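Asker: Here it is: the structure, laid out below.
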Amino acid sequence: MKDGPDIARIGALMGDPARANILSALLRGKALTATELATEAGITGQTASSHLKKLMEGGLLTQAKQGRHRYFTLAGPEVGAVLEAVMGLAARKGHLRTRTGPRDPQMRAARVCYDHLAGDMAVRIFDSLQKRGFLAVSTDKGGLALTADGEGFVSGIGIDLDALTASRRPMCRACLDWSERRNHLAGGLGAALLTRFTESGWLRREPAGRIVHISPKGEAELKKLFPVA
């Protein structure tokens with residue numbers, strides 16, 4: 001492409017194995033230091049600093065300084081959505097890491113995708129909202145919007161719709177799930193649901209990594225709230 005967005009630069013930034021590991025580590029939605037990211041990527045601190053500088057210059061990361069430390073995060077939910085979509089493409093094309101283990105089924109069941117829930121349960125939630133007419137296609141709201149019935153439903157489970165409406169962030173957005181290869185819910189509502197379910201004790205995020213554990217009570221409540229039959 002001679003004109004338009006430079007996808008080659010973004011592709012090059014994400015394509016380096018060390019930088020890909022750094023970006024994947026930040027998909028858990030937590031800020032990490034350069035030292036922590038170096039460990040995640042399996043590289044030295046000096047090499048990590050070079051990669052982090054490139055990712056910052058490319059607009060994929062932001063940083064905040066607190067005391068003696070600098071903390072890095074993804075530059076926004078759109079970066080997380082692109083990473084999740086690329087993971088889905090890699091899985092569909094057979095570009096998979098050969099190392100597997102017992103954590104793989106857990107990652108597929110429920111995990112964090114930047115600031116919202118991904119995995120089997122997240123896809124179930126999206127399907128349920130759509131099949132019950134709570135989500136509708138919208139041309140002016142990022143592709144999806146809550147219907148009047150949907151607004152009543154999410155308000156009924158304790159979500160502050162006024163706060164979400166006041167935000168500049170899209171309320172509802174479809175995010176392609178890399179493991180299920182179907183959509184889960186992102187946007188402000190996706191983030192609010194993850195927070196709500198975590199505060200209820202239904203979900204527990206691992207301190208390190210992206211895996212989310214669903215309690216027996218949480219699984220029962222979520223299946224009751226989001227039937228798919």
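The values are calculated or read from the model by the stated rules, or taken from the named source; none is laboratory data. Remember, it's a predicted structure, so these values are computed and weren't measured experimentally. Ideal geometry is used to build each Cβ from the backbone, glycine not excepted, and the neighbour counts take in all protein chains shown. We work out accessible area using only protein heavy atoms, side chains counted, and drop any ligands, DNA or RNA first. Shrake-Rupley method; radii C 1.70, N 1.55, O 1.52, S 1.80 Å.
Asker: What net charge do the residues around Leu52 carry, taking every other residue with its C-beta under 14 Å from that of Leu52, with Lys and Arg at +1 and Asp and Glu at -1?
Answerer: Local net charge: +1.
Asker: Let me ask something else. Show Arg68, Arg28 ordered by accessible area, largest first, where the area counts protein heavy atoms only and the probe is 1.4 Å.
Answerer: Largest accessible area first, the residues go Arg68, Arg28.
Asker: Next question, about the same structure. Each residue of the stretch 48-53 in order: what ³J(HN,Hα) in whole Hz does its phi give by Karplus 6.51 cos²θ - 1.76 cosθ + 1.60, θ = phi - 60°, with x for Gly and Pro?
Answerer: 4, 4, 5, 5, 5, 4
Asker: Tilt of helix 216-225 relative to the longest C-alpha principal axis of the chain, in degrees (0 to 90, nearest 10)?
Answerer: 60 degrees
Asker: Under 5 Å between amide hydrogens, which residues at least 5 positions from Arg182 or on another chain qualify, with H placed 1.01 Å from N in the peptide plane?
Answerer: Here the answer is Asp177, since their amide H atoms fall under 5 Å of that of Arg182.
Asker: Using Cα springs under 10 Å in a Gaussian network model of the chain, which residue among Ala41, Ala166, Ala75 shows the largest mean-square fluctuation?
Answerer: Ala166
Asker: What shape does the stretch 153-229 have by the C-alpha gyration tensor, where a ≥ b ≥ c are the square roots of the eigenvalues, rounded means a/c under 1.5, and otherwise prolate means a/b greater than b/c and oblate the rest?
Answerer: Because its axes are fairly even, with a/c under 1.5, the stretch 153-229 counts as rounded.
Asker: At what distance in angstrom do the alpha carbon centres of the stretch 199-229 and the stretch 52-69 lie from each other?
Answerer: 32 Å
Asker: Calculate, for Arg108 and Arg68, the FRET efficiency according to 1/(1 + (r/R0)^6) with r their C-beta to C-beta distance and R0 35 Å; round to the nearest 0.05.
Answerer: Result of the calculation: an efficiency of 0.35.
Asker: Let me ask you something else. Which of the three applies to the stretch 1-112, rounded, prolate or oblate, going by the alpha-carbon gyration tensor with a ≥ b ≥ c and a/c under 1.5 meaning rounded?
Answerer: Since a/c reaches 1.5 but b/c is at least a/b, the shape of the stretch 1-112 is classed as oblate.
Asker: Quick check: convex hull over the Cα atoms of the chain, volume per residue in Å³, rounded to an integer?
Answerer: On the way: hull volume 35.8 nm³, N = 229.
Cα convex hull per residue, to the nearest whole number: 156 Å³.
Asker: Right, another one. Quick one: if the Förster radius is 25 Å, what FRET efficiency do Arg182 and Asp16 give, using the C-beta to C-beta distance and rounding to 0.05?
Answerer: With a Förster radius of 25 Å, E is 0.30.
Asker: Given a 1.4 angstrom probe, what's the average accessible area per residue across the chain, in square angstrom? Walk me through the numbers before you get to the answer.
Answerer: Working: 12550 Å² over 229 residues.
Heavy-atom SASA per residue in the chain reads 55 Å².
Asker: Another question, then. Ignoring ligands, DNA and RNA, what percent of the accessible area of the stretch 1-148 is carbon or sulfur (1.4 Å)?
Answerer: Exposed carbon and sulfur together represent 54 percent of the surface.
Asker: Suppose every Lys and Arg Cβ carries +1 and every Asp and Glu Cβ carries -1, with no other charges. What dipole size does the stretch 82-229 come out with about its Cα centre, to the nearest 20 debye?
Answerer: 620 debye
Asker: To continue, here is another question. Helix 120-131 sits at what angle to the longest principal axis of the chain, using alpha carbons and giving 0 to 90 degrees rounded to 10?
Answerer: Result, in degrees: 40.
Asker: Explain nothing, just compute: Karplus ³J(HN,Hα) = 6.51 cos²θ - 1.76 cosθ + 1.60, θ = phi - 60°, for every residue of the stretch 181-189 in order, whole Hz, x for Gly and Pro.
Answerer: Residue by residue, the stretch 181-189 yields 6, 9, 7, 10, 8, 10, x, x, 5 Hz.
Asker: To the nearest 0.05, how large is the calculated FRET efficiency for Lys224 and Asp162 if R₀ is 25 Å and r is the Cβ-Cβ distance?
Answerer: E between Lys224 and Asp162, to the nearest 0.05, is 0.45.
Asker: Label the stretch 8-66 by shape, choosing from rounded, prolate and oblate, from the square roots a ≥ b ≥ c of the eigenvalues of the Cα gyration tensor; if a/c is under 1.5 it is rounded, and otherwise prolate applies when a/b is larger than b/c, oblate when it is not.
Answerer: On the way: a/c = 1.43, a/b = 1.23, b/c = 1.16.
It comes out rounded by the Cα gyration axes.
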